[in-house]
Amino acid sequence: MLKALAAITITLSAFIPVLAQKRVPDLQTQSKITNRIPERSTLININKLSMWIRADGMSGRNPHTFGGGVIFPHGTTNVVFQDGIVWAGLVKDGKTPELRAGGQRHIVGTVEGRIISKGVAEDPNDPDVRIWRIRRDWNTADLRQDAAELNNISIEEVTKSQIAEVREQYERDWNEWPWQKGAPFYDNNNGIMDPGEEPGLFDADQVVWLVANDLSEGHTFEPFGSPPIGIEFQATLWAYKGPPPLDHAIFKHYRVIYKGTATTPDTAHIDSMYIGQWSDPDVGSYSDDFVGVDTLLSLGYGYNASEIDDAYSRFDLPPPAAGYVLFASPTTDLPTRQTMTSFGYSTPHPLFHGCLGYECALEFWNLFRGFMPRSDPKNPEPWRTPSGDITKFPLSGDPVAGTGDIDGIVLSPGDRRMLMSSGPFTMALGDTQNVLIALVAAHGGSHLTSVSMLKFHTRAVFSVFENDLRPPNPPAPPELAISKLDRTLVLNWGNDATAVAETEPSPQDSYEFEGYNVYQLPSQEAPLEQAKKIATFDRVNEVTTIMRTVFHRESGRLLQRPLRIGRNTGVQRFLVVTHDHLRDRPLANGTPYYFAVTAYNHNPDNPIIPSLETPLDIHKAVPEWPKPGVRQGHAVGDTLKVEPLAGAGFIFPIVIDPSQISGDRYRIRIRRVGQDQLMWDLFNETAGEFLLRDQTNFSGNNDYPLIGGLLVKVVGEPPVREFFFGADAPSFDPQTAQRDVRQQVNVYPNPYVGVNRLETSRFRPFVTFTHLPQKTKIQIFNLAGQLVRTLEKDNDSQFLKWDLTNDHNWLVASGIYLARIEMPELDEVKVLKVVIVNRQLY
């Protein structure tokens, strides 16, 4: 039997006829209808779209308000009122009628639970019959928006207990993932979810899964007047947080399995079967919509008929557009490729009279086959363009240009339904039909530029499909370490050779590592928009500025914009920072600075997503004076002496981080491999181990590993083959340490007069004790000799803050205080006077 593929990617706006004009709760009052998480429903909402789905397959309907349940963007209004998967075919099981239909439209024809055997389904009331939702970062993610939308409240109203409830739901579903029922997981190809394997698919950031069936005659009869077929229906929905514009899409995979009713014979099959995506797209207000289809993109979509929509105007936004795209599946269990075979639409307009009972099955049958929704299957009425041509794809013109067969020529703006169909195919008992869909939305500067932007986003969605349904990923993040020196910071992301290899691998998925960006930021929580790029180290190749195709919302035009700017500087994995690039002045000891290093890649064949950059991982670093008694053996930038002298001009051991120098002695050995290949090795003579082997860089650039605080360059081919060098490690002298603390231990600012330039809030005053050794105890007394506060530290930092509070966490009064600083490892005690003049807070 033919196992056909119906793969549909949807952009929010095409579906079938409905009984009557919908009644939607008033937008002003619907947000307060219910305020608790519905038991049978959940959300897929990790990106720009938010979509409700219920355990029985009801999709896109808000269970709180009973209004539209696909919201775009978050916190605004709906682009879809409801959608679903529908099917119809000639069922050859000895029963009548042969023509039967099923699925979900406004009335849902499926019930939660899988089919255990022919005619036997799971009990919908069983606790294990439900809907599941997971995300990999459930334990650390900020779930405030999730809790707000699930409870139908604002983010400001969310409580800690509501957040905890959502987190517990994620944990439970993660641990109880129903892989035995068919839920997807990352498998080692043995078909069993072994310990260590995780639920999910395609690197998705959020996944929803359910299983339902059509065995309840009461449920199938109401929407279609049709008896059950014996269909099990599995739905997997997933979404990505980014990159744009993938954060404007929700992917759906539907698996339809013919398992049969209690009386279905083993020889039963379904002839001329069709599967389709039905939708009732309401872009804001339901009374002013149009729909259309783009056959080149396999896209059915909904959009607003005018520039202003009453619902979106309340948010001061133009109306968006949304739609569905038809894919061919790349996975092995979807072996054939079928494109969209027809598109149809309907409306409550008298031209489309609606249907009741079995008449609906007949009308769907005609729609599936590319005809108008009429109830006479023997004499179907074809769709015609305004010029009179017969078509299976009505409304396939260009609404942006105003050309061709477009909505509004025959019908005035209003409520619409649409259906994207795939078929016919044949299913034997036990066969499976797969439907792959992407729901996409876009917001342009007007109702028509939203359509253009929707098609732009659809092309990006196709790029994911062409990459085996896996989104492009940035390189592995660099592992940054920062050494803190006197008015100097050394940023180093090349120490870990394994991490470097993960960041700079051979090309994967058409994306190749291209370079590093170094940023300075104003705070630990600052976004990328506030970062200042202070360096880029990119590969020397033909790639410099990476351009991205972007959609200009106001004009609706595609423009080229720079995304990454490189200058072929060569790859480097360290940076010595002595300047504050945000304030344009030298670094100051005791002042916190914030840096991040990212890696980015490049794909010249993807103009929409040509490059991805790792997220910011912000590190705080505070330059400091040398620790008491410590003297560095070398300065940053020193070049060490090489033996024999024949190495001069060929071997350059350069000091990058004096604090990391061990004092060991090293040997470089240069050897020739074969006729033309020259290699060199670095051996630690003191430790008796190789640090580097088979190195081939003789260029003299900075693309050398950083070893023990040294950048060892080998340039050209020297006349001899072995060289030796060593470096002086930092030294420590106890007597010097005692002298240092007597002279240098201090407190800043002193006096404190209501302000400290390092404070981030006037409600968090502090002073800082400086030049401290590792272990320090500070007792603060008032002039009456009363102990006010005790501070202690035992770490590498030479700084310790006092927040001007006493041991009871009360702000101390203005006055003079004595700080007794005890440094037991140096057998030293120092007493400082500290003057505090508090500001008037209220």
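The values are calculated or read from the model by the stated rules, or taken from the named source; none is laboratory data. Everything quoted here is computed from the prediction, not taken from an experiment. As a convention, Cβ positions derive from the backbone with ideal geometry for all residues, glycine included, and neighbour counts pool all protein chains shown.
Restricted to segment 663-691, and to residues that are at pLDDT below 90 and of a type in the set (S, T, N, Q), which residue is nearest to ALA497 (Cα to Cα)?
Top of the filtered list is GLN677.
Here are some conditions: (1) surrounded by fewer than 24 Cβ atoms within 10 Å (Cβ to Cβ); (2) closer than 30 Å to HIS447 by Cβ; (3) in contact with a Ser or Thr (Cβ under 8 Å, 6 or more places away or on another chain). HIS269 meets all but one. Which one does it not meet?
(2) is the only condition that HIS269 fails.
Among the residues of segment 766-806, write down those that are hydroxyl-bearing (Ser, Thr, Tyr) and either more than 30 Å from SER659 (Cβ to Cβ) or touching a helix residue (DSSP H, G or I) at 6+ places or on another chain (Cβ under 7 Å) (or both). Spell out how you get there, then give the answer.
Of the residues in segment 766-806, the ones hydroxyl-bearing (Ser, Thr, Tyr) are 768, 770, 776, 790, 797, 805.
Scanning segment 766-806 gives THR790, THR805.
Given the conditions (1) in the same structural domain as SER555 (by TED's automatic domain parsing); (2) β-branched (Val, Ile, Thr); (3) under 26 Å from the mean Cα position of the chain (by Cα), which single one is not true for THR488?
With respect to (1) in the same structural domain as SER555 (by TED's automatic domain parsing); (2) β-branched (Val, Ile, Thr); (3) under 26 Å from the mean Cα position of the chain (by Cα), THR488 is out only on (3).
Checking the conditions here, which among SER555, SER523 is touching a residue at least 24 places away in the same chain (Cβ under 8 Å) and either in the same structural domain as GLN798 (by TED's automatic domain parsing) or closer than 30 Å to LEU448 by Cβ (or both)? Please lay out each step first, then the result.
Numbers: SER523 fails: either in the same structural domain as GLN798 (by TED's automatic domain parsing) or closer than 30 Å to LEU448 by Cβ (or both).
Selected residue: SER555, the only one of SER555, SER523 that is touching a residue at least 24 places away in the same chain (Cβ under 8 Å) and either in the same structural domain as GLN798 (by TED's automatic domain parsing) or closer than 30 Å to LEU448 by Cβ (or both).
Under the condition of being at pLDDT below 90 and charged (D, E, K, R), which residue from segment 460-485 is nearest to the chain's Cα centre (by Cα)?
The residue in question is ARG470.
Yes/no matrix, rows are residues, columns are (1) β-branched (Val, Ile, Thr); (2) buried (at least 19 other Cβ atoms within 10 Å of the Cβ); (3) closer than 27 Å to ILE270 by Cβ:
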| position | (1), (2), (3) |
| --- | --- |
| THR403 | yes, no, no |
| GLY408 | no, no, no |
| PRO413 | no, no, no |
| ARG416 | no, yes, no |
| SER421 | no, yes, yes |
| ALA428 | no, no, yes |
| GLN433 | no, yes, yes |
| ALA438 | no, yes, yes |
| ALA442 | no, yes, no |
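Going through segment 756-771 one residue at a time, which ones are assigned to a loop (DSSP other than H, G, I, E, B) and among the β-branched types (Val, Ile, Thr)?
Initial filter on segment 756-771 (assigned to a loop (DSSP other than H, G, I, E, B)): 756-766, 771.
Once the filter is applied, which keeps residues that are assigned to a loop (DSSP other than H, G, I, E, B) and among the β-branched types (Val, Ile, Thr), segment 756-771 yields only THR760.
Considering GLN524, GLN560, GLN520, which residue is closer than 30 Å to SER797 by Cα, touching a Lys or Arg at 6+ places or on another chain (Cβ under 8 Å) and exposed (fewer than 13 other Cβ atoms within 10 Å of the Cβ)?
On the way: GLN560 fails: closer than 30 Å to SER797 by Cα; GLN520 fails: exposed (fewer than 13 other Cβ atoms within 10 Å of the Cβ).
Answer to the check: GLN524.
Counting residues that are of a type in the set (Ser, Thr, Tyr), which strands (runs of 3 or more DSSP E) fully inside segment 36-108 reach at least 1?
Numbers: elements: 41-44, 50-54, 78-80, 82-92, 99-103.
Hits in segment 36-108: 41-44, 50-54.
Enumerate the pairs (first residue in segment 430-447 and part of a loop (DSSP other than H, G, I, E, B); second residue anywhere and among the aromatic types (Phe, Trp, Tyr)) with beta-carbon separation below 8 Å, excluding pairs fewer than 6 apart on the same chain, so at least 6 apart or on different chains.
Every condition considered, the pairs that remain are GLY430/TYR258; ASP431/TYR258; HIS443/PHE72; GLY444/PHE551.
With respect to GLY515, determine if the residue is closer than 30 Å to GLY60 by Cβ and in contact with an Asp or Glu (Cβ under 9 Å, 6 or more places away or on another chain).
Working: closer than 30 Å to GLY60 by Cβ: no; in contact with an Asp or Glu (Cβ under 9 Å, 6 or more places away or on another chain): yes.
The answer is no for GLY515.
Does segment 122-143 hold any residues that are closer than 20 Å to ILE46 by Cβ and exposed (fewer than 10 other Cβ atoms within 10 Å of the Cβ), and which are they?
THR140, ASP142 - these are the residues of segment 122-143 that are closer than 20 Å to ILE46 by Cβ and exposed (fewer than 10 other Cβ atoms within 10 Å of the Cβ).
Against the definition (touching a residue at least 60 places away in the same chain (Cβ under 8 Å), in the same structural domain as PRO319 (by TED's automatic domain parsing), more than 20 Å from GLN180 (Cα to Cα) and touching a Lys or Arg at 6+ places or on another chain (Cβ under 8 Å)), how does GLY89 come out, yes or no? Walk me through it before giving the result.
Details: touching a residue at least 60 places away in the same chain (Cβ under 8 Å): yes; in the same structural domain as PRO319 (by TED's automatic domain parsing): yes; more than 20 Å from GLN180 (Cα to Cα): yes; touching a Lys or Arg at 6+ places or on another chain (Cβ under 8 Å): yes.
When the stated conditions are applied, GLY89 passes them.
Tally up the residues in segment 772-812 that are closer than 18 Å to LEU832 by Cα and either touching a residue at least 60 places away in the same chain (Cβ under 8 Å) or in a loop (DSSP other than H, G, I, E, B) (or both), please.
12
Within segment 646-705, how many residues are aromatic (Phe, Trp, Tyr), in contact with a Phe, Trp or Tyr (Cβ under 7 Å, 6 or more places away or on another chain) and surrounded by 14 or more Cβ atoms within 10 Å (Cβ to Cβ)? Outline the logic, then answer.
So in segment 646-705, the residues aromatic (Phe, Trp, Tyr) come out as 650, 652, 666, 680, 683, 690, 698, 704.
With in contact with a Phe, Trp or Tyr (Cβ under 7 Å, 6 or more places away or on another chain) added as a condition, the list becomes 666, 683, 690.
If we keep only those that are surrounded by 14 or more Cβ atoms within 10 Å (Cβ to Cβ) too, we end up with 666, 683.
Selection size over segment 646-705: 2.
Got at least one residue in segment 414-423 being touching a Ser or Thr at 6+ places or on another chain (Cβ under 7 Å), within 24 Å of ALA239 (Cβ to Cβ) and either assigned to a loop (DSSP other than H, G, I, E, B) or modelled with pLDDT of 90 or more (or both)? Don't jump to the end; show me each part of the working.
Narrowing segment 414-423 to residues touching a Ser or Thr at 6+ places or on another chain (Cβ under 7 Å): 414-418, 421-423.
Narrowing further to those that are within 24 Å of ALA239 (Cβ to Cβ): 418, 422.
Subset that is either assigned to a loop (DSSP other than H, G, I, E, B) or modelled with pLDDT of 90 or more (or both): 418, 422.
Within segment 414-423 (the criterion being touching a Ser or Thr at 6+ places or on another chain (Cβ under 7 Å), within 24 Å of ALA239 (Cβ to Cβ) and either assigned to a loop (DSSP other than H, G, I, E, B) or modelled with pLDDT of 90 or more (or both)), the answer is yes, since at least one residue qualifies.
Could you list, in sequence order, the residues of segment 202-246 that are over 27 Å from ALA361 (Cα atoms) and in a helix (DSSP H, G or I)?
The answer is LEU246, and nothing else.
Would you say GLY445 is more than 24 Å from the chain's Cα centre (by Cα), at pLDDT below 95 and either in the same structural domain as PRO319 (by TED's automatic domain parsing) or acidic (Asp, Glu) (or both)? Write out each step before concluding.
Numbers: more than 24 Å from the chain's Cα centre (by Cα): yes; at pLDDT below 95: yes; either in the same structural domain as PRO319 (by TED's automatic domain parsing) or acidic (Asp, Glu) (or both): yes.
Taking the combined requirement at face value, the residue satisfies it.
Applying the selection to segment 585-636, what residues are modelled with pLDDT of 90 or more, in a loop (DSSP other than H, G, I, E, B) and acidic (Asp, Glu)?
Passing the criteria: ASP617, GLU624.
I'd like the full set of residues that are over 21 Å from PRO730 (Cα atoms) and among the acidic types (Asp, Glu), limited to segment 639-691.
Within segment 639-691, GLU643, ASP676, ASP681, GLU689 qualify.
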